[in-house]
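Single-structure report; data block below.
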Ligand code: TXA
Ligand code: MG
């Protein structure tokens, strides 16, 4: 759309809200964009505040309207993939792979920018974030405007991102000429931001396109063993990873204090779930006891609210506002409702919001990332985290490449876990414990499958399935998080102790473990040779079978000692 055809005007200080029914309804807001004005519009993630990305004067208005720090770069939105090439220096194979897999959709790819992108947009960086939204209104609006559209979330800086047009109206009425109302946003959390300037993708902000989804397409498209690093909020705060400038700012802050109650979903048995509800209730009760008559907000699932309403007195209930996101375990619902929930509980004037936390991967990561930021320094130590972690025990097996010995050990360990029964905390026969074996390699690449002979050996001998195994390189955190770490040789164990001396107390090679715990092995063919487990890599299936048998016999002999070590026993 040429700037000379229409000169759209909205009186200064007024904000026009458009409810589009037909494409024609978007002509006016598109003309505003093309003329260098601001327009808020819906996307599948959150509402964006758009301006012509090639027009520095227009882009400056965004920073002014939002009160946004000028060192925080903006994402540039396009209507079609073919519009991207002019905005960046090159589209490398990694970028192309993720573009093909996830665009249009809730992902932003950070690439090296071309001279088309003004410095104001990229906040002086040499890179630019590119996004192609899948929302039909966003797509048509950008297409009609005929320009790439720079757009941050359409909220005042620091407040929760807007997922409904009413949220934008609250924050920006009078400050921008036009809001396009497309109803509530489908996803509810901002896009996944992925740096694709290197060989491997780096996730700068988690979103609805998850780590697993990204790893999967990279593997499928033959982008070799992607080492997908996830940048955490902490790393950014500590200055280790200053690549997503926006992450350092205070975000999503409600007026109320906000506490996270963990966890809405657990892998533990149903008895524990009631404990989770009870803990949620006691948090709310505690807050109600500070009897200054103030009200409390609860962002939770249906089951939790039913339970609480049953338990709370009528007088207490009058002081509690609920925002229900769906069933307790509905993470999509929780993500979609989070910002709306925080905003509407704030509107009620509550003093303290209690929000359900989730445990897990995928969308949970994005949800918890936003929730933790919203809680900010008002975040309370959640009462159930220690409870939760005390109810799983994790054992890590370590070899070199994490494709032969340690995945076999992991598989056999998990078979033994299943075969040997249910587990409880020692001396607490009604507290169930989940026992989990996993593996990693000191010199592993990330993402390689198990060696086919290794998979074959444990499948034929023990019915274990290694087809889903993907190698992982050892990380310091793994040595912190696991309760017991077993290495295939004493050399490996020594290396691990050097990586994390603080955790040396729970690291052993198999032979060191036997020795330390005074476990005497029955004389057998599989156990009678060298104390360490030699690498079968490249050998024939017979050698793998021997290795698997050996691991099985070792782990069986160690079993009771391992349980004792982990403070658990078998449910009688
Ligand atoms: O879903 C979304 O991404 C929404 C909708 C409107 O598209 N937009 C959005 O924009 O969330 P904003 O500005 O609120 O957040 C953009 C984030 C910031 O954390 C920013 O620092 C980061 O992306 N970002 C933008 N360009 C970047 C770049 N070149 N390098 C690193 N990070 C960048
Ligand atoms: Mg934002």
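Results, tabulated for the structure shown:
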quantity	calculated
Acute angle (nearest 10 degrees) that the helix 331-347 long axis makes with the longest principal axis of the chain, alpha-carbon atoms	50 degrees
Gained length - residue 443 relative to residue 126, 0.36 nm times residue gap less alpha-carbon distance	110.8 nm
DSSP beta bridge pairing in the chain, given as percent antiparallel to the nearest 5	35 percent
Binned Cα-Cα distances of region 284-360, short to long, each 5 Å bin given as a whole percent	3, 16, 28, 24, 18, 8, 2, 0
Ratio of Rg to Rh over the chain (Cα coordinates, Kirkwood Rh, two decimals)	1.04
Whether region 393-486 is rounded, prolate or oblate, judged on the alpha carbon gyration tensor where a/c under 1.5 counts as rounded	oblate
Gyration tensor (alpha-carbon) shape descriptor, region 391-570, a/c threshold 1.5	rounded
For peptides 53-66, 26-39, 394-407, sequence by mean Cβ density within 10 Å, most packed first	394-407, 26-39, 53-66
Ranked packing of 540-548, 78-86, most packed first, by mean Cβ within 10 Å	540-548, 78-86
The chain - mean residue ellipticity at 222 nm from DSSP helices (-39,500 (n - 2.57) per run, n ≥ 4, rounded to 500)	-11000 deg cm²/dmol
Crossing angle, helix 302-311 versus the chain [Cα axis fit, 0-90 degrees, rounded to tens]	80 degrees
Relative contact order (%) - the chain, alpha-carbon pairs under 8 angstrom, separation at least six	12 percent
Relative exposure of 431, 489, judged by other C-beta atoms within 10 Å (fewest first)	431, 489
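We did not get these values from a lab; they are worked out from the coordinates using the rules stated. Please read all numbers here as calculations on a predicted model, not as lab measurements. Ideal geometry is used to build each Cβ from the backbone, glycine not excepted, and the neighbour counts take in all protein chains shown.
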